[in-house]
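What follows is calculated from the coordinates using simple rules that are stated; it is not laboratory data. Treat the numbers as computed from the prediction; the structure is a model and nothing was measured. For neighbour counting, all protein chains shown are included, and Cβ atoms are generated from backbone atoms with ideal geometry for every residue, glycine included.
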Amino acid sequence: MRVRATARGWTAVWLVVLALAQMGAFVVLWRLAVHTPLGQWLDTVALTGNQIGRAQVTGPVNKILNAMSVVSLLAATAFIGFIALIRGRVALAITATLLIGGANITTQILKYGMDRPDFGVDPERAFVGNSLPSGHTTVAASVAVALMLVLPPKVRVLGTVLAAGYAAIAGVATLSASWHRPSDAVAAYLVVGVWAALAGLVLLLTQREDAKISTEDAHRMAAILLGGAGLVAICVSAVALAWLVDLPRVAPDQLTRRPLFAGYAGSAAGIAGVMGVVAALMLAVVHRLVPRHKG
């Protein structure tokens, strides 16, 4: 019992640190991407660069984004709750539903509650105002993480990879379609990550004392591979954006094809990488939050 109490304590600490770290990352991203001329310029370069190859991806991108609606979100939430209920996990069904609802409501509050100063970097979209975080990306990411929580251990890794992959594609699609800036998608993943950590704390606190944790359900290697791939993508993004920072600060529509492609492809890599890391951090600990034998 003492060993179990210690393990639960360290898991709770991990979740608190995870939530605080992602909150901090969100604030830093918001300050840099929205409240500095450089951040707005980098976002606009990426948006301008999405014209490269747009004709080839317009069809799939529109299908992905148009599939996300209030109705589809409600259907996905009901499906996730159903999976938890047929496994006999009432608390899990409620928590997963709260995760999805809380993340999406938070995104809408932040999007319409925060301001975006106009530095004259992107006059064509100045009338839009603040667009951070992305609502469509939040929908995809929140459903992906909730699905990870409710799936049985035997299919959890496969489901996580597929769901996280779809959420990453959805984030990149908002950039490709010019619906959102890259920072908007990354911010959405961080919002979902915070809510995932909070949901994990709820599951930990409501867990029965005689629940049995199996190390076979840890999926450590899958979490390492997923997180490692995400970190590599983030490094690629950092290199591309660092190269752009050294360029003269001219209007994005006056840049040549090479910097525009670097901005677009580098931002897309960063979007996908952040989703991979967020999913991996939860996958590493989900076996302690949702034990196979609940007691």
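Mind checking the dipole of the stretch 2-289: about its Cα centre, +1 per Lys or Arg Cβ, -1 per Asp or Glu Cβ, Debye to the nearest 20?
Values: 21 positive and 12 negative charges, 155 e Å.
Result for the stretch 2-289 is approximately 740 debye, rounded to the nearest 20.
What ranking of HIS180, HIS219 emerges when the number of other C-beta atoms within 10 Å of each C-beta is taken as an exposure proxy, fewest first?
Details: HIS180 27, HIS219 19.
Exposure proxy ranking, most exposed first: HIS219, HIS180.
How many percent of Cα pairs in the stretch 125-167 exceed 14 Å?
Values: 482 of 903 pairs.
Tail of P(r) above 14 Å: 53 percent of Cα pairs.
Over the chain, what is the mean sequence separation of C-alpha contacts under 8 Å (at least six apart), divided by residue count, expressed as relative contact order in percent? The partial results should precede the final answer.
Working: 446 pairs, mean separation 83.5, N = 295.
Relative contact order of the chain: 28 percent.
Order of TYR112, TYR264, TYR189 from fewest to most other C-beta atoms within 10 Å? Before the final figure, lay out each step's value.
On the way: TYR112 9, TYR264 25, TYR189 35.
Result, fewest neighbours first: TYR112, TYR264, TYR189.
Reachable aspartates and glutamates from LYS154, Cα under 19 Å, same-chain residues fewer than 8 places away excluded?
Counting by Cα, and skipping residues close in sequence, LYS154 has these aspartates and glutamates nearby: GLU216, ASP217.
Suppose R0 equals 45 Å. What FRET efficiency, 1/(1 + (r/R0)^6) with r the Cβ-Cβ distance, do ARG249 and VAL13 give to the nearest 0.05?
The pair ARG249/VAL13 has a calculated efficiency of 0.55.
7 Å from Cα along Cα→Cβ at both ARG258 and VAL27: what's the point-to-point distance in nm?
Inter-label distance under the simple model: 4.0 nm.
In nm, to one decimal, how far is the ILE94 label point from the GLU216 one, both placed 7 Å along Cα→Cβ?
3.1 nm
For ILE224 and LYS63, what does the FRET efficiency come to when R0 = 30 Å and r is the distance between their Cβ atoms, rounded to the nearest 0.05?
On the way: r = 33 Å, r/R0 = 1.09.
In this case the efficiency is close to 0.35.
Give the average over all directions of the projected area of the C-alpha convex hull of the stretch 63-161, one decimal, in nm².
Values: hull surface 31.8 nm².
In nm², the orientation-averaged hull projection of the stretch 63-161 is 8.0.
Would you mind giving the three semi-axes, in whole Å and largest first, of the ellipsoid equivalent to the stretch 2-289 according to its Cα gyration tensor?
35, 19, 17
In the chain, if the dipole is taken from +1 on Lys/Arg beta carbons and -1 on Asp/Glu beta carbons about the Cα centre, which of ALA238, GLY171, LEU74 is farthest to the positive end?
It is LEU74, whose Cα lies furthest towards the positive end.
Order these by the 10 Å Cβ neighbour count, fewest first: SER178, SER183.
Values: SER178 15, SER183 26.
Neighbour counts put them in this order, fewest first: SER178, SER183.
With a/c under 1.5 counting as rounded, go ahead and sort the stretch 225-273 into rounded, prolate or oblate using the C-alpha gyration tensor (a ≥ b ≥ c being the square roots of the eigenvalues; past the cut-off, prolate if a/b is larger than b/c, else oblate). Spell out each step's value before the answer.
Numbers: a/c = 3.89, a/b = 2.53, b/c = 1.54.
Prolate, since a/c reaches 1.5 and a/b exceeds b/c.
Two decimals, Cα atoms only, Kirkwood Rh: what is Rg/Rh over the stretch 170-286?
Numbers: Rg = 18.3 Å, Rh = 16.2 Å.
Checking Rg against Rh, the ratio lands at 1.13.
Given a cut-off of under 8 Å on Cα pairs at least six residues apart, what relative contact order in percent is computed for the stretch 149-282?
Values: 110 pairs, mean separation 55.0, N = 134.
For the stretch 149-282, the relative contact order is 41 percent.
What residue among ILE169, ILE100, ILE109 shows peak mean-square fluctuation when the chain is described by a Gaussian network model with Cα springs under 10 Å?
ILE109
Between rounded, prolate and oblate, where does the stretch 1-131 land on the alpha carbon gyration tensor, with a ≥ b ≥ c its root eigenvalues, rounded for a/c under 1.5, else prolate if a/b exceeds b/c?
Numbers: a/c = 2.56, a/b = 1.52, b/c = 1.68.
Oblate, since a/c reaches 1.5 and b/c is not below a/b.
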